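The values are calculated or read from the model by the stated rules, or taken from the named source; none is laboratory data. Note that the structure is a prediction, hence the values are computed from the model and not measured. Every residue, glycine among them, receives a Cβ derived from its backbone with ideal geometry; neighbour counts consider all protein chains shown.
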Amino acid sequence: MAGDHSDQYLTFLLGEEVFALDIRSVREIIQYVPMTAVPLMPAFVRGVINLRGAVVPVIDLHARFGRPSAPVGKKTCIVIFDSLRDGERTELGLVVDAVSEVVDIAADALEPPPSFGAAVRRDFIRAIGKRAERFVILLEPDRAFDVDEMAQLCARSQEAVPA
């Protein structure tokens, strides 16, 4: 039956809101580490980290969603996940306030993103999951973390700097 199908999601907090990513795209969760700032990047790119010899860009999720950056706390961590760009897998890091848990959300507990009033761009949201008394915002990583769109924003921020 259609209602019996469920997928697993990694849930995490941004402030008081609960967000989630499909667990299949998550590679690992690491403790927050100092990173190397990259000049002329948009505010949502915190910098890059060295992850076992690979340079991984790290995105401040608060800033990506148009909010002020959150201070780094004891539970702040980086979620490493796979993003697709032109069919190629790219590792990205997301700074989140805290990782919660891996949860099962049934397909029939998912609603389409709201057409208004969301704290996040509508195209960044895959669905809203109902879980007990709370809602979980399921992110659409290929849209929210579209490497090409972010590269265009980087290019625009560089063009805005006077020579």
### Message
Between 99, 103, 58, which is under 18 Å from residue 142 (Cα atoms) and in a strand (DSSP E or B)?
### Response
58
### Query
Among the residues of region 42-84, how many are within 20 Å of residue 122 (Cα to Cα) and of a type in the set (Phe, Trp, Tyr)?
2
### Query
Name the pairs: first residue in region 33-62 and on the phi > 0 side of the Ramachandran plot and without any contact (Cβ under 8 Å) to a residue 40 or more places away in the chain, second residue surrounded by 17 or more Cβ atoms within 10 Å (Cβ to Cβ) and of a type outside the set (Lys, Arg), Cβ to Cβ under 6 Å, at least 6 apart or on different chains?
47/35; 47/58
### Task
Determine if region 78-90 includes at least one residue that is free of Cβ contacts under 8 Å to residues at least 60 places away in the same chain, crowded, with 18+ Cβ neighbours inside 10 Å, in contact with a Phe, Trp or Tyr (Cβ under 9 Å, 6 or more places away or on another chain) and over 18 Å from residue 140 (Cβ atoms).
yes
### Query
For region 32-62, how many residues are at pLDDT below 90, surrounded by fewer than 17 Cβ atoms within 10 Å (Cβ to Cβ) and touching a strand residue (DSSP E or B) at 6+ places or on another chain (Cβ under 7 Å)?
1
